[in-house]
Structure formats: structure tokens, C-alpha cells
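Below: the structure, in C-alpha cells.
Derivation of every value follows stated rules applied to the coordinates shown; laboratory data play no part. Keep in mind that what you see is a predicted model, and the values were worked out from it rather than measured. When we count neighbours, we look across all protein chains shown, and the Cβ atoms used for this are built from the backbone with ideal geometry, even at glycine.
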Protein chains: 2
Amino acid sequence: MRWIRYTFNQMTHYGIVKGDKVQQVSGDPFGGFNEESIFRDLHEVKIEIPVVPRTFYCAGLNYSEHVIESAKKQGIEPALPLKADIGYRANNALIAHMENVIIPRDATEKIHYEGELVVVIGKKAKHLTHENALSCVLGYTIGNDVSERTWQRSDRTFWRSKNADTFKPMGPWIDTDFVPDDAVTTVKVNGVVKTVYKTNSMIFDVPTFLVEMTKYLTLWPGDVVWMGTDGTSPDLISGDEVDIEISGLGHLQNKFIKEL
Amino acid sequence: MRWIRYTFNQMTHYGIVKGDKVQQVSGDPFGGFNEESIFRDLHEVKIEIPVVPRTFYCAGLNYSEHVIESAKKQGIEPALPLKADIGYRANNALIAHMENVIIPRDATEKIHYEGELVVVIGKKAKHLTHENALSCVLGYTIGNDVSERTWQRSDRTFWRSKNADTFKPMGPWIDTDFVPDDAVTTVKVNGVVKTVYKTNSMIFDVPTFLVEMTKYLTLWPGDVVWMGTDGTSPDLISGDEVDIEISGLGHLQNKFIKEL
């Protein structure tokens, strides 16, 4: 089942994707819903981010090749994370599938994508075990953890390097049946494949993160956990179109435009 | 004017504090409201956090004595921040005035308070100037940036050192008339004064942060910006009651209890 959040006639609803249609619901997948007898064509609605997160978690470093390649570019020794320490991103930066990433006027040329699997939490959870960890998960979506690498190195925090407005595309939908095991993440720029990796070749997998996190914090419906990325990105320029596909889950597509 | 968020008879409302009463409103101070003719005694309502933030910003290091004292304790050179780089905290950790901070079972003895001025954003804003920066501010409240210092040093992020459940008391209300200039922040533990500092002796003041932040990000109604703290905290133990007073603004009181 695929949950989509969309706007039609200036009203925003949740809906269920059925082929090339979306069936409107009242309510939402977190608090309860009723199916309505209103169907729209997917191409006639404006797709919104699938959830406004209550807390926006992000694993950051979670794939070995990404850590090793990043270190090589900086001429330093790679430091693989030894523990599943979760990090954060910010809601101001979220944009939907097909919206434009705006590269700030004074950004350097080091604008990179990071295609990521995103876990969407559906139920309140604390003190999860490896056996029951996935019971709190509603489903999965796709994220692009856009980064300005020069600011990422120079600033004390990731506030503008990773959380400038529009730097966090997420969508297009929440798939409740997706299983990460055999999935492949493929990132194309202007139709040309640039990065391919096994989605589940994480250093710490989804259950491990959820178990560690819920030792100290409560997960709430609508929280999201971005799981990190592998490989590296070329420098992106104005006009580039980035397509992140996770097989079995969908495509997240966004154009990058330099601010005038 | 003081905005409070409270629960009475299992319903949560915004209200306006009038003496020792609260006047119920429909709506909220962000999207619009109507005053109702229902008054409650302040002591008969359950005070809630004054806002569930859309994005939870936090300055972190922003007072020189705090940076110098912290460095001294670690035996390292103090590094004062050179730029107003904003950071983040997480909504799961928020609790209200008079709720208990739960010290995790396996936390070390290094549990510290940080009494902070909190800016509550009331209007959408981008590209603010020093002249108009405060025009987006609805008012101010008080925060306690509770920290477990051992985890703060050992972990790759601040996820459990600063964002464990209950580690972010905020309240009791939003004061729309408060002016930081002459205010004093006083922190008492069990009635004994432990920290006193001029609230506005920040390295980067509120307008400076808002101007810097909005070069790259949009502030939204309901966002909060915690402004950092000065001085240091003694190690807190189970049963300690911490009272953070900002003169002219109010008191934020919370008891610390060790998890069993």
C-alpha cells in the first residue's frame, strides 16, 4: 500500500495510490482514516512531502564506502562510526518530489546529493528489541540529503550545509510493503547513472538504529529516520535533474536551480 | 501579555494569563484566536509546553564564561564560536514546567542544567535585517538544556546527551512584552542559588542569530530558538529541584528523578 499526501483545489489530503489514481481519505495513516469515494489522476494533483515530521532523525555516516571516499577527498583517515549515534535534520529544509532545490547564491560548487532510504514511524515506541523493532514502522520513503561540502567543513554545525531551505527533498510516497533486503539505490543526474549501491548494505541497519535510539528516546507517529547514503556525488550545477530510485519503492526527482 | 498552553478536563487549549487566572481562547497565538468567557484558576490546570516547535533550534555555545569553564574542566583550550552557527534539539525531549526530568538508569553523575532564554517565532520570516529582526518574534519563554556530559564527549552527536526523553523542559508561558536587555538569569538547586548571569551577555544576540539564520532558512510560526547559557552547573542527583528564573519573564521548575 502506498500513502501519498497531495494538494488538489487548494486542499491537502492523504490518499492511497491505486494504479495511476489516488483515492482520497479523511484523516491520516497515523491517527486513523476513512476511505472516500473520490479518485483523482495522480498527474493532476500536487504531490506534497508525505509527512511533516515531529522529529527529523538522520543517521549521517552509515555506509562504509561513503565514509572512505569522503575521507580520501579530504586527505584524512576514514573514521567508520562505531555506534549507532543518530543525528538530526530540520523541517524548514523539506521539499516534495518534483519541487526545485535552490542552491544559495553564495554556495560553492560543492553541491552534492545523498540518496537515502527513509523510515517513517507509525506507532509510539520505546525500549524496542531486535525482534519487535520494525513493529513501529509504518513504511518507507526516499530522501535526498543535499549537502554543501564547503560549509559542512567550515561551520560548527550542519545548519546551512545540510538544512538550508529546499535541501531536503523527501517522497514521493510512503510504501508500507517495501522490504529493504534486496533493494538497490540508483542515483541518476540528467538521466545518467552516477551512484549505485545495495540499499541495505548499511553499517547499522534499521532495527539496530531503532533499538539503540529507543533506549533513551520515544519514537512518535510521524517521526522519520533517514538512513544515510553510500558512494559519492559529482558536483551539481544549476539545471541538473537528480533522480533517486530505490527499487521496489519509487523515484524521488528534483531539479537543482541556482538562486539569482 | 502571557500565553499559556494548558490541559483541563482532558482538553488542551491556549489561554491568556490574567493574574492568577487563565482565560481560554479558541485557536492559538500563531494562526489567530478568539477570547472566550471561560476562566480557570492557574493552579487547577495542567501547564503544557507553550508550543510544539516546528523546528527546534538551539545556539549551543553562546556565552563566554560557559565556554571557558567547560574547556577548563576538560583541560583543553577554550574555543569561542566565531560565527552564529545555529544547532538543533529534538521534540521528543520536551517536557513542561513542573514535570520531572528522568535521569536514565545508566547515565553517569555528570547531569547538568543549562538555563536558557528561548525565542518563540510568531511570523514566517526570511532575509531579516538587524532593524526588523525582532518583528518575527512572538515572545520569549525559558528552557533547560539538560545535558549528560560524559555522553556529550563520547558520542558522535548530542542525541542522548542532550535529547534523551525529558531532557528539554520548556515554559511556563510565552511572554510577548519581555525585553532581554536588563534581565538576569538565576538558577537555584533546592532553593540555593548556583548560577547568576546577565541574560543578554550573549556572544551573538537574538537579532544577530535571526539575521544569520534567515540568510539560508525560513523561520516559521512555532519555531523556537534556544539562546545558550552562561556559567556551569553542579552535578545534579535524584531529588534535586531546579528553578530557572529569568527576571521579568518567570520561573521554570523541574525535579530530577533517577530512572529505576
Diffusion constant of region A:51-132 at 20 °C, which comes from Stokes-Einstein with the Kirkwood Cα-pair radius and 1.002 mPa s, µm²/s = 133
Pop the C-beta distance of A:ARG153 and B:LYS126 into the FRET formula with R0 = 25 Å and round what comes out to the nearest 0.05.
-> 0.50
What's the Kirkwood radius of the protein assembly as shown in Å, using all Cα pairs?
-> 24.0
The correct pairing of chain A residue and whole-Å distance, for the Cβ nearest the axis that maps A onto B, is A:TYR88, 2
Looking only at B:THR176, B:THR229, B:THR218, which one moves most when chain B is put into a Gaussian network model with springs between Cα atoms under 10 Å?
-> B:THR218
In sequence order, what are the phi-derived ³J(HN,Hα) couplings for region B:19-25 according to the Karplus relation 6.51 cos²θ - 1.76 cosθ + 1.60 with θ = phi - 60°, rounded to whole Hz, with x for glycine and proline?
-> x, 9, 10, 10, 9, 5, 10
Treat every Asp and Glu Cβ in region A:1-157 as -1 and every Lys and Arg Cβ as +1, leave all other atoms uncharged, and give the resulting dipole magnitude about the Cα centre to the nearest 20 debye.
-> 360
Find every distance from the label point of B:ARG105 to the corresponding label point in the other copies (7 Å from Cα along Cα→Cβ) and write them in nm, one decimal, shortest first.
-> 5.5
Once label points are set 7 Å from the Cα along Cα→Cβ at both A:ILE237 and B:SER70, what is their separation, rounded to one decimal in nm?
-> 4.2
Distance violations [Cα-Cα > 31 Å] among A:LYS162/B:LYS258; B:LYS73/B:LYS258; A:LYS198/B:LYS215 | A:LYS162/B:LYS258; A:LYS198/B:LYS215
Got the B:ALA71 label distances to the other copies yet, label 7 Å along Cα→Cβ, in nm, shortest first?
-> 2.9
Debye, to nearest 20: dipole size of the protein assembly as shown, +1 on Lys, Arg Cβ, -1 on Asp, Glu Cβ | 200
Pairs of Cα atoms under 8 Å, at least six residues apart: use those to get the relative contact order of region A:49-258, whole percent.
-> 34
Using 7 Å Cα-to-Cβ label points, what is the B:GLU35/A:THR176 separation (nm, one decimal)?
-> 4.6
Taking the Cα-to-Cβ direction at A:LEU82 and at A:MET1 and moving 7 Å from each Cα, how far apart do the two end points lie in nm?
-> 4.4
Share of Cα-Cα pairs in chain B beyond 29 Å, whole percent, is 28
What does the convex hull of the alpha-carbon atoms of region B:117-230 project to on average, in nm²?
-> 8.4
Residues of type aspartates and glutamates that B:LYS124 reaches as a straight line, Cα spacing below 17 Å, ignoring anything fewer than 8 places off in the same chain = A:ASP165, B:ASP28, B:GLU212, B:ASP223
Between copies, how far apart are the B:MET1 label points? List them in nm, one decimal, shortest first, with each point 7 Å from Cα toward Cβ, please?
-> 4.3
Can you give the Rg and Dmax of region A:1-46 based on its C-alpha atoms, in angstrom?
-> 9.6, 27
Under a 5 Å amide H to amide H cut-off, with H placed in plane at 1.01 Å, what residues pair with B:ILE95 once short-range neighbours are removed?
-> B:LYS168, B:MET170
Provide, as a two-decimal number, the C-alpha radius of gyration of region A:1-152 over 2.2 N^0.38 Å, N being how many residues it has.
-> 1.26
